[in-house]
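Scroll down for the structure; my scribbles are underneath it.
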Amino acid sequence: MLRKSKIFLVQVARRETGMAEDDFRQLLRDYGGVDSTTALDQRGFEAVMDRFRTLGFISRREREGIGTGRPGMATDAQIGLIRDLWKEAAVVPSDRALAGWLEKYFGTSAVRFLTFNKAHRVIGAMRAMIARKAAQDA
């Protein structure tokens with residue numbers, strides 16, 4: 001049985017990602033093997049939270065750099081998401097092209113130098129690029 005704080009965190013992740021109730025229930029079944037957050041065990045909780053992170057959820061702890069070696073800087077989850085989004089958004093999905101794009105639009109020469117807030121803006125910009133690309137393809 002999970003602590004109330006972890007159950008609350010799952011609910012916060014659902015709300016912040018804007019996930020519909022039906023989709024949330026399906027996520028719980030697929031990743032946690034349960035129908036309710038109160039039925040999650042530790043392993044299910046971790047699987048569900050990993051999925052929310054891939055959907056862009058960043059906990060307050062991660063946002064503030066608590067528990068990371070570089071407070072105030074982009075988290076590992078953000079950096080991984082940026083790299084994944086770049087592969088989908090870019091015409092040339094290379095690290096060099098990403099560095100050039102970051103320099104041009106965000107004044108940062110590499111992903112590892114992004115602050116937490118700037119990384120959040122980069123993620124938003126990449127999601128917008130992907131949406132525009134999908135609209136053009138449609």
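Give me the accessible area per residue for the range 1-94, probe 1.4 Å, as a whole number in Å².
Working: 5790 Å² over 94 residues.
The answer is 62 Å² per residue.
Given the rule -39500 (n - 2.57) for each run of at least 4 DSSP H residues, summed and divided by the residues of the chain, what is its mean residue ellipticity at 222 nm, to the nearest 500 deg cm²/dmol?
Working: 7 runs with 86 residues, N = 138.
Estimated from H runs of four or more residues: -19500 deg cm²/dmol.
Once phi is turned into θ = phi - 60°, what whole-Hz ³J(HN,Hα) does the Karplus curve with 6.51, -1.76 and 1.60 give for every residue of the range 38-45, x standing for Gly and Pro?
Each residue's phi maps through the Karplus curve to give 5, 8, 5, 9, 4, 5, x, 4 Hz.
Quick one: which residues, 5+ away or cross-chain, put their amide H under 5 Å from the amide H of residue 73? H built at 1.01 Å from N.
For residue 73, whose amide H was placed from the backbone, the distant partners under 5 Å are 116.
I'd like the Karplus ³J(HN,Hα) series for the range 102-109: coefficients 6.51, -1.76, 1.60, θ = phi - 60°, whole numbers in Hz, and an x wherever there's a Gly or Pro.
With the stated coefficients, the range 102-109 comes to 4, 5, 5, 9, 10, x, 10, 7 Hz.
Accessible area of the chain with a 1.4 Å probe: how many percent of it is carbon plus sulfur?
Numbers: 4410 of 8610 Å².
Here carbon and sulfur together make up 51 percent of the probe-accessible area.
Among 90, 20, 110, determine the one that fluctuates most according to a GNM of the chain built with springs between C-alpha atoms less than 10 Å apart.
It is 20.
Sequence-distant or interchain residues sharing an amide H contact under 5 Å with residue 108, placed H: which?
Residues meeting the criterion, in which the H sits 1.01 Å from N, are 103.
Output ³J(HN,Hα) for the range 89-101: one whole-Hz value per residue in order, computed from phi by the Karplus curve 6.51 cos²θ - 1.76 cosθ + 1.60 with θ = phi - 60°, and x for Gly and Pro.
With coefficients 6.51, -1.76 and 1.60, one gets 8, 7, 6, 10, x, 9, 5, 5, 5, 4, 4, x, 5 Hz.
The values are calculated or read from the model by the stated rules, or taken from the named source; none is laboratory data. The shown structure was predicted, so the numbers you read here are calculated from the model rather than taken from an experiment. Just the protein is used for accessible areas: all its heavy atoms, side chains included, with ligands, DNA and RNA removed. Shrake-Rupley method; radii C 1.70, N 1.55, O 1.52, S 1.80 Å.
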